[in-house]
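The block underneath contains the structure these notes are about, expressed in structure tokens.
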Amino acid sequence: MKNNVKRIIQKIGSLLILLVLMIFMGVLSPEFFSLGNIKNVGIQASVNAVLSIGMLMVIIIGGIDLSIGATLALAGIVSAYLMKAGCPVVLALLISCVVGAALGAVNGFIVTFMKLPPFVATLGTTSIFRGTALFVTNGMPVSQLPDGIGIIGQGSVAGIPNPVFITIIVAIIIYIVLTYTSYGRSLYAIGSNFEATRLSGVSVSRNTMITYICEGFLAAVAGIILLGRLLVAQPNAATGYESNAIAAAVIGGASFSGGRGSVGGALIGALIISVLNNGFTLLGLNSFIQQIAIGVVVVLAVFADILQRSKVN
């Protein structure tokens, strides 16, 4: 009962921070609450939101993935080259998702079977994936893509921008998976008590592998959204995005110790970061100040998590 109350308070706390931040930005800049700007906030948050949901799954099992930005970039490069070669847009995007899942499988294999710590494993694959993207493109962007890809980033469904619509679909699917499937429940069990979960008969290795594959797939989905917005595939795309994804998940209540976190919290965390960036831009503040502000928020969120765990212990 107490744990449920704490979770509710934590979720409400993140939501209150978001609401207060939005009101604060609205007071400082009346343009903030314009319909066009609110849509921009959602669109800007979409890529990080999808990435943060994938990162959330890995953090729940007590892992981490520093290669998620490089995975996004390499999967995007693959789809861009396929489209330029005449491959139908839909097929190229599906292959991109398969590539993302395969890159996630590489991370899962290194962590699960080679027994490398997730931080070290994904730090290494970051260089491998990013270097591959740069090598294949010779460091140059891939442009002049078919017009159809622009629908993803610039179209809408019932007035909802497509990037936001895709994010909502992803969030609903992963929420159902984490909440109502044995696989989802096993992730929380692994993060809470690895050894006890293993002894209970749960295949920790298999579930860890699946989790990294899912995260790679979601990174490719985020890459598709970004590609639809920019209409160009950059080998350096999403550099540093892993930090924002981790930040969003942690701000939303995920714990680096594993076993805790929610899709709703990750979405709120992504929106908080997007509101900060958007509000600071409207106020004409230096982009470096945006990075400082996000860093401060992350430090405070992690510190709050440490305090909470120390009280429990």
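The values are calculated or read from the model by the stated rules, or taken from the named source; none is laboratory data. Every value quoted in this text rests on a predicted model; they were computed, and no experiment measured them. Cβ placement follows ideal geometry from the backbone for every residue including glycine, while neighbour counts extend to all protein chains displayed. To get the accessible areas, we keep the full protein, side chains included, count just its heavy atoms, and leave off ligands, DNA and RNA. Shrake-Rupley method; radii C 1.70, N 1.55, O 1.52, S 1.80 Å.
Here are the criteria: (1) closer than 23 Å to Leu145 by Cα; (2) open to solvent by 20 Å² or more (accessible area, probe 1.4 Å). Tell me which single one Phe33 does not satisfy.
(1)
Among the candidates Val99, Val106, which residue alone is surrounded by fewer than 24 Cβ atoms within 10 Å (Cβ to Cβ), within 17 Å of Leu51 (Cβ to Cβ) and of a type in the set (A, V, I, L, M, F, W, C)?
Sole residue among the options that is surrounded by fewer than 24 Cβ atoms within 10 Å (Cβ to Cβ), within 17 Å of Leu51 (Cβ to Cβ) and of a type in the set (A, V, I, L, M, F, W, C): Val99.
Within the stretch 266-286, track down each residue that is under 21 Å from the mean Cα position of the chain (by Cα) and polar (S, T, N, Q).
Correct list: Ser274, Asn277, Asn278.
Specify the residue that is nearest to Val263 (Cα to Cα); the eligible residues are those in the stretch 135-153 that are part of a helix (DSSP H, G or I) and open to solvent by 60 Å² or more (accessible area, probe 1.4 Å).
Filtering the stretch 135-153 for residues that are part of a helix (DSSP H, G or I) and open to solvent by 60 Å² or more (accessible area, probe 1.4 Å), the one nearest to Val263 (Cα to Cα) comes out as Ile151.
Could you say which residue among Gly284, Gly279, Gly258 is at pLDDT 80 or above and open to solvent by 60 Å² or more (accessible area, probe 1.4 Å)?
Gly284
Any residue at all in the stretch 15-25 that is under 16 Å from the mean Cα position of the chain (by Cα) and either buried (at least 16 other Cβ atoms within 10 Å of the Cβ) or at pLDDT below 95 (or both)?
no
Might you check whether a residue that is open to solvent by 20 Å² or more (accessible area, probe 1.4 Å), of a type in the set (A, V, I, L, M, F, W, C) and within 29 Å of Asn40 (Cα to Cα) occurs anywhere in the stretch 77-88?
yes
Looking only at the stretch 261-278, which residues are farther than 17 Å from Asn37 by Cα and aliphatic (A, V, I, L, M)?
If the condition is that a residue be farther than 17 Å from Asn37 by Cα and aliphatic (A, V, I, L, M), then Val263, Ala266, Leu267, Ile268 are the ones that fit.
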